Amino acid sequence: MYQNEGSTTGTIIQLIIIIAVIAGLWKVFEKAGKPGWAAIIPIYNLWVWIEICKRPWWWILLFLIPLVNIVIYIILCIDLVKKFGQPGYHALALIFLGFIYLPWLGFGRTTYQG
């Protein structure tokens, strides 16, 4: 039976990206004094991210509003990189290249500055 080689390669690349994001977020959470396993729990990982950024709990509800959720995500990305002592423009790397930036933030020499 014929198997499409492209789909196998694409699946492997997707798995690598998913693992990189989870591992990076796990380490970011641990550096911030939160449980790393929270990175793999949907919704709860967002709650923890909001706590790390020192935003009110009800911001999680803003993620339910279309278009507002994009703005809130951008603000949280800016807040997160600043909490790790990075300049605000690093949020662009987090937004567009999160699969690279999260592992760099988590496994790199950055420290959480709360």
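Observations on the model:
- Within segment 73-88, being of a type in the set (F, W, Y) and closer than 14 Å to L105 by Cα holds for one residue alone: F84.
- So Y73, is it in contact with a Lys or Arg (Cβ under 7 Å, 6 or more places away or on another chain), surrounded by 15 or more Cβ atoms within 10 Å (Cβ to Cβ) and among the hydroxyl-bearing types (S, T, Y): no
- Among the residues of segment 95-114, just one is over 20 Å from G33 (Cβ atoms) and buried (at least 20 other Cβ atoms within 10 Å of the Cβ), namely Y101.
- Filter result (closer than 27 Å to G33 by Cβ and at pLDDT below 95) within segment 63-77: F63
- Selection from segment 76-94 of residues that are more than 14 Å from K54 (Cα to Cα) and surrounded by 14 or more Cβ atoms within 10 Å (Cβ to Cβ): Q86, H90, A91, L92, A93, L94
- Restricting P35, P42 to residues that are over 18 Å from T110 (Cβ atoms) and at pLDDT below 95 narrows the list to P42.
- Residues located in segment 58-78, provided they are farther than 19 Å from F96 by Cβ and in a helix (DSSP H, G or I): W59, I60, L61, L62, V68
- Of W59, W49, all but one fail to be without any contact (Cβ under 8 Å) to a residue 24 or more places away in the chain, out of contact with any His (no Cβ under 7 Å at 6 or more places or on another chain) and within 26 Å of I18 (Cβ to Cβ); the exception is W59.
- Members of segment 29-57 found to be outside any helix (DSSP H, G or I) and either surrounded by 14 or more Cβ atoms within 10 Å (Cβ to Cβ) or in contact with a helix residue (DSSP H, G or I) (Cβ under 9 Å, 6 or more places away or on another chain) (or both), listed by number: A32, G33, K34, P35, I41, I43, C53, K54, R55, P56, W57
The values are calculated or read from the model by the stated rules, or taken from the named source; none is laboratory data. Everything numeric here is computed off the predicted structure, so don't read it as measured data. Positions of Cβ are backbone-derived with ideal geometry, glycine not excepted, and every protein chain shown enters the neighbour counts.
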